[in-house]
Amino acid sequence: MRKTTAKEKVARGLAFLDTRFPGWIEHIDLRTFNMASGCNCVLAQCSPYILGALATDLSSATERRSYLGVEQAFLHKGIHREFADRYEGSTFFIDFGFNVVGDVYVAEQEYKELNAEWQTVILERLAA
């Protein structure tokens, strides 16, 4: 079975964000962007915007400004189910380039590949 590339995963994530949360890219700060950081990855940086669009109120400021806050909101609203069925044997957050299997130390290379691909597509968008 062929392994899905970071480019394919990010393309899915990009299409998802563009469809569900137009304007998300305006909330990205590439100076602090880091896909291995739950506070600086693409979902974390967009979290106040995404959570506002979902009308989700999370109790702590940390949850509102993190990957986990967005993940909880997606799970609560069932958003992941709209897409996860299409990718047998996998999960939404991994298939859409928002996360990897394992922690940052185990999956360091995968995080590097996701980080590079997200930065590439974001820079291309900002330059357009």
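Coordinate-derived values only; no laboratory data. Please read these numbers as outputs of a predicted model, since none were measured by experiment. Methodologically, a virtual Cβ is constructed for each residue, glycine included, from the backbone with ideal geometry; neighbour enumeration extends over all protein chains shown.
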May I ask you to evaluate 6.51 cos²θ - 1.76 cosθ + 1.60, the Karplus curve with θ = phi - 60°, for each residue of segment 120-128 and list the ³J(HN,Hα) values in order in whole Hz, giving x for glycine and proline?
4, 5, 5, 4, 4, 5, 5, 7, 6
Each label sits 7 Å from Cα toward the beta-carbon; between Arg20 and Val101 the label points are separated, in nm, by 2.2 nm
Under the Karplus curve 6.51 cos²θ - 1.76 cosθ + 1.60, θ = phi - 60°, whole-Hz ³J(HN,Hα) for segment 31-42, x wherever Gly or Pro sits:
5, 10, 4, 7, 5, 7, 10, x, 10, 10, 6, 4
